[in-house]
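To keep things clear, I will list the structure first and then write my remarks on it.
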Amino acid sequence: SEEADVCAADDTPDLWCPACAELGKPLRVVVEGRYRLVRCRVCRTQYFRADPALAGCEGEAPFNEYWEQYKFGLYASDEVRRDYEERYEAILDEAERLTGPIDTVLDVGCGIGNFVSFAQARCGRAFGIDVDADAVAAARSRGLRVALSEDLDALLPDAEADAVTLWDVIEHLYDPLPAVSRALGKLRPGGALIFETPDASFPVRPVLRAVHTASRGRVDLTRHLYDWEHKIYFTAAGMRAILSRLDCEVISVQRPASPRAEMRENFTRHADASWQSRALARAWPRLESAARRVGRGSKLVVIARDAGCG
């Protein structure tokens, strides 16, 4: 039974869900030979924890926050930028419809500043922070108002932003609650808190996990949808749970697909000689298109606001 599986596991605090704080169940997927996938029994959010039982692993490794070199080229691509700007436009339209005009934006985890640049042109005032000094330098070289995360208070006063955005950020943190709480302090009452993050309920995920289980790990395509850099894969219920802990309410949930130009790069980066990986790369456009048609893309886009604002 699921209860027995949990009890048989190493019942450490690492098994508690970072979204809703309920107990998780270890799954059979291991990425990079050390990170075991765990699924919450309540909100179904999935998250990685380092497993001391696996060879070469001594407890949970600290999270190193950085931009890998390939990302600088990927997000400088005109095609990738265009794909994302279409998304930014639609999501900001929806956020303004729900929370009012957006004139000042703070982007948390801004990278080289693509969204900051877009928001500055659309909204008038845009600021960004990131933990990676090279990414911050690249954004500043574009004339953008960007700072390292520790300099947030000097960059922007509290309650100043009409919208705070976290594009593909929270999945990189073992515990996103403190970072989101700090960013929330910069948001005006009733402003929009916007997230984009991978969707744990994307229908292709259970298919790849089932193939992995049925083949006893001999056919392992899970690394194409589970990256060791991503510590949490939220469900919509998980997003509601973590935001509820911050006294915020979710007012919009969308499930768009990942930009196709970005996915092509990811498949190329993870390519290997196995026929299974080549087959998945060929099948991906059809799988992704089918999911897109039924509104179940690989990403979650969530808009929230302070629950006290009605």
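The values are calculated or read from the model by the stated rules, or taken from the named source; none is laboratory data. Fair warning: this is a prediction, and the values are worked out from it, not measured in the lab. When we count neighbours, we look across all protein chains shown, and the Cβ atoms used for this are built from the backbone with ideal geometry, even at glycine. The accessibility values were calculated without ligands, DNA or RNA, using every heavy atom of the protein model including side chains. Shrake-Rupley method; radii C 1.70, N 1.55, O 1.52, S 1.80 Å.
Observations on the structure shown:
- Residues that are at pLDDT 80 or above, hydroxyl-bearing (Ser, Thr, Tyr) and over 19 Å from the mean Cα position of the chain (by Cα) occur in region 97-110; there is at least one.
- Among the conditions (1) of a type outside the set (Asp, Glu); (2) farther than 21 Å from Val302 by Cα; (3) within 23 Å of the chain's Cα centre (by Cα); (4) crowded, with 19+ Cβ neighbours inside 10 Å, Leu148 misses just one, which is (4).
- Candidates Arg44, Arg36, Arg87: the one that is in a strand (DSSP E or B), surrounded by 13 or more Cβ atoms within 10 Å (Cβ to Cβ) and modelled with pLDDT of 65 or more is Arg36.
- Some residue of region 204-221 being open to solvent by 10 Å² or more (accessible area, probe 1.4 Å), within 27 Å of Gly73 (Cα to Cα) and touching a residue at least 12 places away in the same chain (Cβ under 8 Å): yes
- 3 or more residues without any contact (Cβ under 8 Å) to a residue 60 or more places away in the chain and not hydroxyl-bearing (Ser, Thr, Tyr): qualifying strands (runs of 3 or more DSSP E) within region 101-186: 125-130, 145-148, 161-167
- Picking from residues in region 223-238 that are assigned to a helix (DSSP H, G or I) and closer than 14 Å to Ser298 by Cβ, the one that is nearest to the chain's Cα centre (by Cα) is Ala236.
- Residue match in region 171-194 (condition: open to solvent by 40 Å² or more (accessible area, probe 1.4 Å) and closer than 22 Å to Lys71 by Cβ): yes
- Looking across region 211-241, the residues that are among the small types (Gly, Ala, Ser) and more than 19 Å from Thr45 (Cβ to Cβ) come down to Ala214, Ser215, Gly217.
- The residues in region 113-151 that are among the hydroxyl-bearing types (Ser, Thr, Tyr) and either at pLDDT below 95 or within 17 Å of Arg182 (Cβ to Cβ) (or both) can be counted, and the count is 1.
- Pair list, Cβ under 7 Å, 6 or more apart: region 281-310 residue closer than 30 Å to Leu184 by Cβ, other residue among the basic types (Lys, Arg) and at pLDDT 70 or above: Gly295/Arg255; Arg296/Arg255; Gly297/Arg255; Lys299/Arg255; Leu300/Arg255
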